[in-house]
Structures are given as C-alpha cells and as structure tokens.
Amino acid sequence: MSQTTHTEEQQEPAGSKKLAAVSVLKFGGTSVKSIARIQHVAEIVKERLKHGKVLVVVSAMGDTTDYLLKLAHQCSKTPDQRELDSLLSTGEHISITLLSMMLKTLDVSARSVTAYQLGIFTENVHNKARIIDIKTDNLAQAFETCDALVVAGFQGVTANGDITTLGRGGSDTTAVALAAAAGAKYCDIYTDVDGIYTSDPNKIPKARLLDRISYGEVVEMARLGAQVIHPRAVELARQYGVILRVRNTFKPDHQGTSIDGGEDMEIYRSISGVATDKDQACVTIMDVPDQPGIAARVVGGLAKKAIVVDMIMQAFHPTAGLNNITFTVASTDLPQTIKTLEELKTEMGAKAVHADEDIAKVSLVGAGMAGQPDIAARLFETLGTAKINIKMITSSEMKITCVVSRGQADKAAKLIHDAFELEKV
Ligand code: ADP
Ligand code: ASP
Ligand code: MG
C-alpha cells in the first residue's frame, strides 16, 4: 500500500521518507525528436547523476502524438476514446525505451517504466484524465534496481487497468506529480527555449526572458495559450510547493526561469506577458428561456462530458423572457459541445446553436493589474487604433482576455507587447 498518495484533487503534504533525494527532469518532444537528441538528453541525465538518483520524464518524439492522432482519424471521424488513449500513449512508450537504451550505452543503470507499470492512477476519463494517486512505495521500489528511472509522461491508468492520457502537453503534469510523490524540491522542465518569456519568443522575437515568475501568473499564461508549460503542472507544483525550473535542453547550463510562490511579484512587475490561444471556438445557444436554472443546465450538461467552458456570458436580450448564452471551448471539444447543446436546445425550447470557429484569445496577464483601469483602457485603445475588432472581453484580477478574429491574433499580441513595452519588464 502507498505510504503517501498524491492527487490533483486534494492537498496533502509532499514528501516521502523512503526515497533518498531525487532530481526530477522532464524533456519535451523537441528535446527527444531524434536519436542524436536522445543521446544529448542521456548526457544531461548522466551529468545530473553526480548529485544522486534521477527520475526522468519524457514526451513522445517530435510530432509523434500528432501523427498518431492523424492515423486514428483516418480510421474513424470520432475514434473510440479508450482506444485512442491507448494509441496515443505508445508515443511516450517509444521514447522511454530508447532513452533507457541510450543511458545504458553510457554505463548508466537505467530502467524505463510506463504509467501502467509504475501505477500513475487517474480518474476514468479519456483524453484529459487527472491524476488521483501515485504510490510513493512503487517509486522507491523502482529506484532499488536503477539510478535513472525513465518514466513515460502523459500516460495514466485507471483502477480498471485502462490506459488514459492527461491532455496535450500533459507530460509536464506527470513530471510534477512524480516530483511531489518523490518529495523533490525542484522539477526541471527542459524544452526548446531558454525559459518563460513575456510572450512566445518564436512569434515575438523581442519578448523578454523572465528569471522568475509566480505560480499564479504562469497558470494564467498557460491556461490562456502559452504552451510552454501545462497549466495543471503549475497548479500541482503550487499545491505541493515544488519549484519549477523551465530550462533549455540545448543550453543545459543556462539558469532558465524559476516558477515559485513569488508573493512579492507585483511589487516590481504589474504585467508579465501576453498569451495567444488559437485553438478556441465560441458557441452561443440562442433564445433560451430566461428562467432560473437554465445556465446550470447548459454548463452542467457540458461538465458531465468533461468539457471545460470559459468566458461564459449572458447578456441583455431585446426580447423579454429570452436570453443568449455564449462561451468559449477548446476547438477539440467543439463537435461534442454542439452535439450536447443541440440535445439541450430541443429539451429547453431554445432557438438555435451557433458556433464561431474564427476566433482566438489574446490575453494580457499580470499579478499587479487589479485596480489599474488604465491598463484595460490602453489595451482596448491599442486594438481599436489597429482596427482589430474585439468580439468578446473578460477580465479577472490577473488577466484581461479579448477574443479577436483568428487571423489577427498574432498581430494583436505583438501590438499589445509593444504598447506595454513588455521587452523592458
Ligand atoms: P516541449 O516539446 O518541450 O513540451 P512545447 O512546444 O510544448 O515544448 O513548448 C515550448 C514552446 O512554447 C516554445 O517553443 C514556444 O514557442 C512556446 N511558447 C509559447 N508561449 C511561450 C512563452 N511565454 N515563453 C516561452 N515559450 C513559449
Ligand atoms: N506527447 C504529448 C503531446 O504531444 C504530451 C506531451 O508532449 O507533453 O501532447
Ligand atoms: Mg509541452
């Protein structure tokens, strides 16, 4: 039985008495996309072994997950979710075996394990399962026979033995969950850029590298499209007090960005970045009766299918007794969202379901934005001057999100970055 269990749902103190200090390193798809890169990763792991045992989490090689998804969609427009997860998990299975083989050629005592073998238990949801339990004892036992334990990211297993996956980019979450289970202080996320920037450096070259950023700011940036890290990984790190370090695989000596509690962040930086998310769609259920409980039925119906909705709006309707409810969903959830709403439409007597796929979210994120109305004013003015129409707006303490036409999103992000001079933050 487990000595300590770790979950994405409840807070428990991190740490294990059985495991000696372990370094936790995660390498993303670009870092392991070829055999030459796997060799480079093996060398980084070997170097780290000088400080004790190493737990390495790896993603699938390069675009393997996209390729597997494409194959599945060639078999069926709506592939069976259980089989799809089982298929997608094979990408990570390939990487762990190759990295272990490579480590052995460097005389490292390495061993690869899948989530199934290690017991990374998740809820019984396919494509975006949350981790509910990792047995610390299993980890300690796995380390008895090796110095470098190579674990498949992104995968999970249900209590029934079905393979699940954690959602795109989910290997980061595997790494943080294992760091928490191992009681590690740090979790190093190795990727193809130097760390977290004020915006995607591949789109805005003058974006500035941040030495340090708070969990809260990164959660927002990641949720709003900065794919450099999986938002659930950051939430889990915050929950268990694991310090994340985002670093460049190709510059292993570079310090990267440290993500931690950072309570004093807003003192010296009110805005930390701009994020763009083009994998979004906007959905409206039109002319629903204006009655108590209607919004709950709409959002509840989608929640039952594990569809996350965002930017929910119910605005004034010119006809008394009717409402329009509008929200955004991830593009991948759009077909299921429309199907669910069409069923509800009939049940509730609504008029129509309308989807707009030509959207993207552009968001300004910062811990010190609250109570500064000039920030929103300057943001809207920047887009207005450039004749970029804003389709929807939401704001909270730490962010302002504008929905714009997808083709204008990159331009909008760049203009906002310039307007707030984020290269100087
Ligand atoms: P990995 O394969 O290592 O998981 P990802 O492709 O998931 O890598 O994430 C790294 C990419 O995230 C970078 O190449 C960069 O283009 C993108 N990115 C988006 N926003 C940011 C940001 N604010 N800071 C750094 N990188 C970002
Ligand atoms: N291989 C998975 C993906 O491409 C998980 C990951 O890379 O983190 O989304
Ligand atoms: Mg990633």
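We did not get these values from a lab; they are worked out from the coordinates using the rules stated. Note that this is a predicted model, so its numbers are computed, not measured. Don't worry about glycine lacking a Cβ; one is built from the backbone with ideal geometry, like all the others, and counts go over all protein chains shown.
Compared with the direct C-alpha span, the chain from His254 to Thr97 gains 53.8 nm at full extension, assuming 0.36 nm per residue.
Protection proxy ranking, highest mean first, for peptides 71-79, 121-129: 121-129, 71-79, where packing is the per-residue count of other beta-carbon atoms within 10 Å, averaged. Can you tell me the FRET efficiency between Thr145 and Ser86 if r is taken as the Cβ-Cβ distance and R0 is 35 Å, rounded to the nearest 0.05? E between Thr145 and Ser86, to the nearest 0.05, is 0.85.
The angle between the Cα long axis of helix 409-419 and the longest principal axis of the Cα atoms of the chain comes to about 90 degrees, rounded to the nearest 10.
What value, in deg cm²/dmol to 500, does the helix sum -39500 (n - 2.57) over DSSP H runs of n ≥ 4 give at 222 nm once divided by the residues of the chain?
Working: 13 runs with 148 residues, N = 425.
Computed mean residue ellipticity for the chain: -10500 deg cm²/dmol.
Restricting the calculation to Cα atoms, every distinct pair contributes to the Kirkwood radius of region 127-250, found to be 15.5 Å.
Antiparallel beta bridges, as assigned by DSSP with both residues in region 164-278, represent about 30 percent of the total such bridges. Between region 336-353 and region 268-300, the C-alpha centres lie 17 angstrom from each other. Taking the longest Cα principal axis of the chain as reference, the axis of helix 294-303 is set at about 20 degrees. Projected onto the charge dipole of region 112-260 (+1 at Lys/Arg Cβ, -1 at Asp/Glu Cβ, origin at the Cα centre), which of Leu244, Thr165, Ile229 gives the Cα projection farthest towards the positive end? Going by the Cα projections, it comes out as Ile229.
Restricting the calculation to Cα atoms, every distinct pair contributes to the Kirkwood radius of region 274-424, found to be 16.5 Å.
3J(HN,Hα) couplings calculated from phi for region 247-257 with the Karplus curve 6.51 cos²θ - 1.76 cosθ + 1.60 (θ = phi - 60°) are, in sequence order, 9, 9, 4, 8, 9, x, 8, 6, 5, x, 10 Hz; Gly and Pro show x.
Each label was represented as a point 7 Å from its Cα along the Cα-to-Cβ direction; for Asp279 and Asp66 these points are 1.1 nm apart.
Projected over every direction and averaged, the convex hull enclosing the alpha-carbon atoms of region 261-350 yields 8.5 nm².
The value obtained for region 43-162, namely the Cα convex hull volume divided by the number of residues, is 103 Å³ per residue. Only beta bridges with both residues in the chain are counted; by DSSP, about 60 percent of them are antiparallel. Relative to the longest principal axis of the Cα atoms of the chain, helix 334-348 runs at roughly 40 degrees. Spin-label model, Asp310/His73: points 7 Å from Cα along the beta carbon direction are separated by 2.0 nm.
Taking the Cα centre of region 319-421 as reference, the dipole from Cβ charges on Lys and Arg (+1) and Asp and Glu (-1) amounts to some 160 debye.
Taking amide hydrogens as placed 1.01 Å from N in the peptide plane, the amide H of Asp194 sits under 5 Å from that of no residue at least 5 positions away in sequence or on another chain. Residues of region 207-243 with an amide N closer than 15 Å to a point placed 7 Å from the Cα of Lys185 along the Cα-to-Cβ direction: 241-243. A crude spin-label estimate for the pair Glu397 and Ser331, with each label 7 Å from Cα along the Cβ direction, gives 3.3 nm. Counted over region 4-192, the DSSP beta bridges are approximately 25% antiparallel.
The ratio of the alpha-carbon radius of gyration of the chain to the globular-protein estimate 2.2 N^0.38 Å is 1.02. A simple rule links phi to the HN-Hα coupling: the Karplus curve 6.51 cos²θ - 1.76 cosθ + 1.60 with θ = phi - 60°, which for region 100-108 gives 5, 4, 4, 4, 5, 5, 9, 6, 9 Hz, with x for Gly and Pro. For Met392, the residues 5 or more places off, or on other chains, whose built amide H falls under 5 Å of its own are Val403.
In this Cβ point-charge picture (+1 for Lys and Arg, -1 for Asp and Glu), the chain has a dipole of about 580 debye about its Cα centre. Counting only aspartates and glutamates at least 8 places from Lys361 when in the same chain, those with an alpha carbon closer than 13 Å to its own are Glu220, Asp277, Asp279, Asp310, Asp410. Packing around the peptides 96-103, 352-359, taken as the average count of other Cβ atoms within 10 Å per residue, puts them in this order, highest first: 96-103, 352-359.
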